[in-house]
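This report refers to the structure that appears directly beneath it.
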Amino acid sequence: MTLVFHDPLWLLALLALPLLAWLRGRRHLPVLLVPFAAAWHRKSLTAPARWPMALGFTGLVLLIGALARPQRVEDKRETRSEGYDIMLCVDVSGSMLWEEGPRPGEYPNRLQVIKPIIQGFIDRRPHDRIGLVLFGRRAYTVAPLTFDHEWISRQLARVKVGMVDAEGTVIGDGLGTTLNRMEQEQRISGGHRMGAFIVLLTDGAESTDPETGTPLSTLPPREAARIAASKNIPIYTIAVGRDGYVWVPVDIRGTTRYTQRFSREVDPTLLKQIAEDTGGHFFRAEDKDTVEKAFAAIDRAKKIEFQSKSYLVTTELFWWLAIPGLAALLAAALATWPGWRREALA
């Protein structure tokens, strides 16, 4: 809240009043052309009758202040923003523990690489609702869509391999759970989802039952993509990890040992098809830099220009000065009226 005077020149006049009163006293000449002012200064007045002069001076001060038009200004801002609904669908199967450095135990695993990058993506989207789904052999909702980014950041910090069954990768069920979390009627128009997309991160392929060879997902990944496309929800797919030798941690009687194996787990063909079917984009992210570039590209592609408007609420305050000022001048005029004076002196 701010107090504003729109006509500051009147304040200068207010400051000049003491100087004018001093000049009048020295020259014994009337300086201010105010009705009845001469009567206030007649030498015949007794000391107690000098209060009309004080009333007149006070009235002038208040009127000058009112002419300066004081206002109380409150700055009100109303922002209208319809951000995206973003679901992050993240693979936490056992292969996310694999390390790709030259020596075991000295470099972060795949999950440790992507978590700070996901956090940076969340930080860059303050106007969006964001949710988080994890999947391994099963899918699990860690955070529904929310504007509380501080809370979702705490949930992301506790994400680790083992929160869900890590023995498998059910991409289709992960996408199905993610789509279920986007079923809010207020964001659907004509059967299409308005302003939403999914980011799918995985380092593996759709798992199958080792005995029967049937997919572990109850919802095939391409069927999940078809549902997303029908709802106008693009899926951006990121294949994490590179082909080549990796270090695989193994727990032996409470002690972590490492074995080396050749990794070729990612199914880029499936991830490309999911992205193409839904109008999204596929990214191959082999290391921290390429993962970061993938998220930066998604951030640039899915930005909304927000419309906001601001307005000022002003309250006029000059009445608080003008009315008492006029009353003071009227009282001073009545006090110097000859008829009233004769009755007062009788």
Report whether or not Gly120 is surrounded by fewer than 16 Cβ atoms within 10 Å (Cβ to Cβ), outside any helix (DSSP H, G or I) and modelled with pLDDT of 55 or more.
no
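Each row is one residue, and each column tells you yes or no for (1) part of a loop (DSSP other than H, G, I, E, B); (2) of a type in the set (Asp, Glu); (3) buried (at least 20 other Cβ atoms within 10 Å of the Cβ).
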position	(1), (2), (3)
Gly83	yes, no, no
Met96	no, no, yes
Val133	no, no, yes
Tyr140	no, no, no
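Would the stretch 300-321 turn up any residue that is in a helix (DSSP H, G or I), over 28 Å from Val73 (Cα atoms), modelled with pLDDT of 75 or more and not β-branched (Val, Ile, Thr)? Let's see the steps before the verdict.
Restricting attention to the stretch 300-321, the residues satisfying the condition of being in a helix (DSSP H, G or I) are 300-301, 319-321.
With over 28 Å from Val73 (Cα atoms) added as a condition, the list becomes 300-301.
Now narrow it down to the ones that are modelled with pLDDT of 75 or more: 300-301.
Then drop every residue that is not not β-branched (Val, Ile, Thr), which leaves 300-301.
Yes, that holds for at least one residue.
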Within the stretch 206-218, count every residue that is surrounded by 17 or more Cβ atoms within 10 Å (Cβ to Cβ) and in contact with a Leu (Cβ under 7 Å, 6 or more places away or on another chain).
2
Of everything in the stretch 43-52 that's aliphatic (A, V, I, L, M) and modelled with pLDDT under 50, which residue is least open to solvent (accessible area, probe 1.4 Å)?
Leu45
Check on Leu330, at pLDDT 75 or above, open to solvent by 40 Å² or more (accessible area, probe 1.4 Å) and assigned to a helix (DSSP H, G or I)
yes
If we scan the stretch 53-60, do we find a residue that is modelled with pLDDT under 75, in contact with a helix residue (DSSP H, G or I) (Cβ under 9 Å, 6 or more places away or on another chain), at positive phi and surrounded by 11 or more Cβ atoms within 10 Å (Cβ to Cβ)?
no
How many residues does the stretch 333-344 contain that are touching a helix residue (DSSP H, G or I) at 6+ places or on another chain (Cβ under 9 Å), open to solvent by 50 Å² or more (accessible area, probe 1.4 Å) and modelled with pLDDT under 60?
2
List the residue pairs whose Cβ atoms are under 8 Å apart, where the first residue sits in the stretch 147-168 and is under 11 Å from Ile122 (Cα atoms), the second is of a type in the set (Ser, Thr, Tyr) and modelled with pLDDT under 95, and the two are 6 or more positions apart or on different chains.
Ile152/Thr146
Of the residues in the stretch 235-275, those that are free of Cβ contacts under 8 Å to residues at least 60 places away in the same chain and touching a helix residue (DSSP H, G or I) at 6+ places or on another chain (Cβ under 6 Å) come to Thr237, Ile238, Ala239
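Is it the case, given these coordinates, that Phe283 is under 18 Å from Arg110 (Cα atoms), surrounded by 17 or more Cβ atoms within 10 Å (Cβ to Cβ) and not aliphatic (A, V, I, L, M)?
yes
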If you take the residues in the stretch 239-264 that are among the β-branched types (Val, Ile, Thr) and under 42 Å from the mean Cα position of the chain (by Cα), which one is nearest to Val199 (Cα to Cα)?
Val240
For the stretch 256-269, does any single residue satisfy the condition of being touching a Ser or Thr at 6+ places or on another chain (Cβ under 8 Å) and open to solvent by 40 Å² or more (accessible area, probe 1.4 Å)?
yes
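The values are calculated or read from the model by the stated rules, or taken from the named source; none is laboratory data. Everything numeric in this text was worked out from a predicted model, so none of it was measured. Glycine gets a Cβ as well: all are built from the backbone with ideal geometry, and neighbour counts include every protein chain shown. Side chains included, ligands, DNA and RNA excluded: accessible areas come from the protein's heavy atoms. Shrake-Rupley method; radii C 1.70, N 1.55, O 1.52, S 1.80 Å.
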